[in-house]
């Protein structure tokens, strides 16, 4: 069987049309937005309708992670104590969400098959809120969107910025 130029062009056109129709069908089945009552897993992960959602561009201290904060300063000496910053981050997010409906714009899926999203309580961006209050840091490896929020929290010594702490990704690497 010989392929003529006309047959090859027709075959390419048919394959292209098939690809475009199939691609759009697959693309339309992707989750773009999810909303509902959120279950808080930790300071940067929630679950809505049995779907785990990792908050995009931020990283919160791990649940068992401890940080240090000053509790007594005498002249030049500052005494520090450990506190459960990971647990606090989780609790602050729970309190902020307060069993209200959360809407998440899904941006991607990570290697653990979690949805990656920007989540909102009404018009409040929870990703931004966590960083701007020092309950999470910017995960610059994935986004720089919340850098100004982090700078403000750091300057005001809010949350983890009130003392010393290990970046969550460094803490996880050691475990």
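The values are calculated or read from the model by the stated rules, or taken from the named source; none is laboratory data. All values derive from a computational prediction rather than experimental measurement. Counting neighbours? That spans all protein chains shown, and the Cβs are built from the backbone with ideal geometry, glycine included.
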- Selection within region 113-143 - free of Cβ contacts under 8 Å to residues at least 40 places away in the same chain and at negative phi: 120, 121, 123, 124, 125, 128, 129, 132, 140, 141
- Task: Just give me the residues in region 155-175 being over 19 Å from residue 93 (Cα atoms) and part of a helix (DSSP H, G or I), in sequence order.
- Result: 155, 169, 170, 171, 172, 173, 174
- Query: Could you count how many residues in region 134-154 are buried (at least 20 other Cβ atoms within 10 Å of the Cβ) and not in a helix (DSSP H, G or I)?
  - Reply: 7
- Message: With the condition being touching a helix residue (DSSP H, G or I) at 6+ places or on another chain (Cβ under 6 Å) and closer than 24 Å to residue 171 by Cα, I'd like the strands (runs of 3 or more DSSP E) fully within region 25-110 carrying at least 2 qualifying residues.
- Response: 33-42, 67-74
- Message: Testing residue 102 on (1) under 26 Å from residue 36 (Cα atoms); (2) over 15 Å from the mean Cα position of the chain (by Cα); (3) buried (at least 18 other Cβ atoms within 10 Å of the Cβ), one condition comes back false. Which one is that?
- Response: (2)
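Listed here are the residues, each with its yes/no results for (1) farther than 19 Å from residue 137 by Cβ; (2) modelled with pLDDT under 95.
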residue	(1), (2)
8	yes, yes
20	yes, yes
31	yes, yes
36	yes, no
42	no, no
46	no, no
57	no, no
60	no, no
90	no, no
- Taking only region 72-87 into account, find how many residues are surrounded by fewer than 18 Cβ atoms within 10 Å (Cβ to Cβ) and within 18 Å of residue 45 (Cα to Cα). 2
